[in-house]
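Student: Have a look at this one before I ask anything.
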Amino acid sequence: MTKQVRILVSGRVQGVYFRAFTQKEAKKHQLSGFAKNLPDGRVEVVAAGPKEAVEKLVSWCHKGPITARVDHVDTEELTDIDLPAGFEIR
């Protein structure tokens with residue numbers, strides 16, 4: 001079963017390679033999507049793939065890389081979004 005999610009991560013998540021580590025984690029689980037910095041200091045992650053793999057990425061986003069400090073994570077399920085093949089940093 002395929003799952004699509006939008007994850008908004010707040011805390012010290014910009015300038016600490018959060019997007020690059022997220023990309024590495026997403027590729028490890030063969031997910032499609034992207035990670036991008038938002039003007040308000042959060043990182044937006046949109047990912048799609050097998051339900052279990054997406055849930056692993058969501059769980060990972062709650063802690064992030066050692067360089068980050070994650071204060072809050074919001075998640076919302078999406079349907080029928082058009083994502084790039086692979087996982088991009090935007």
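Student: Per residue, what volume in Å³ does the convex hull of the Cα atoms of the chain enclose? It would help to have the intermediate numbers written out before the result.
Tutor: Numbers: hull volume 7.4 nm³, N = 90.
Taking the convex hull of the Cα positions in the chain, it is 82 Å³ per residue.
Student: I've got another one for you. Between beta-carbons, use under 12 Å as the cut-off and find the net charge around residue 51, counting Lys and Arg +1, Asp and Glu -1. Walk me through the numbers before you get to the answer.
Tutor: Working: positive: 3, 56; negative: 52, 55, 77.
Once all neighbours under 12 Å are counted, the net charge is -1.
Student: Please give the helix 51-61 orientation as an angle from the longest Cα principal axis of the chain, in degrees from 0 to 90, rounded to the nearest 10.
Tutor: Helix 51-61 sits at roughly 0 degrees to that axis.
Student: For n ≥ 4 DSSP H runs only, could you compute -39500 (n - 2.57) per run for the chain, divide by its residues and tell me the 222 nm figure to the nearest 500? Could the numbers behind the result be given before it?
Tutor: On the way: 2 runs with 22 residues, N = 90.
Mean residue ellipticity, 222 nm, calculated: -7500 deg cm²/dmol.
Student: Trypsin sites (Lys or Arg not before Pro) within region 3-82: which are DSSP loop residues with at most 16 other Cβ atoms inside 10 Å?
Tutor: Sites meeting the loop and neighbour criteria: 63.
Student: Then there is this: Counting only other residues whose beta carbon sits under 12 Å from that of residue 26, what net charge do I get with K and R as +1, D and E as -1?
Tutor: On the way: positive: 19, 24, 27, 28, 56; negative: 25, 88.
Charge balance near residue 26 sits at +3.
Student: How far, in degrees from 0 to 90, does helix 18-28 lean away from the longest principal axis of the Cα atoms of the chain, to the nearest 10?
Tutor: Helix 18-28 sits at roughly 30 degrees to that axis.
Throughout, read-outs are computed from the coordinates displayed, never taken from laboratory work. Only a predicted model underlies this, so the values are computations on that prediction, with no experimental measurement involved. For neighbour counting, all protein chains shown are included, and Cβ atoms are generated from backbone atoms with ideal geometry for every residue, glycine included.
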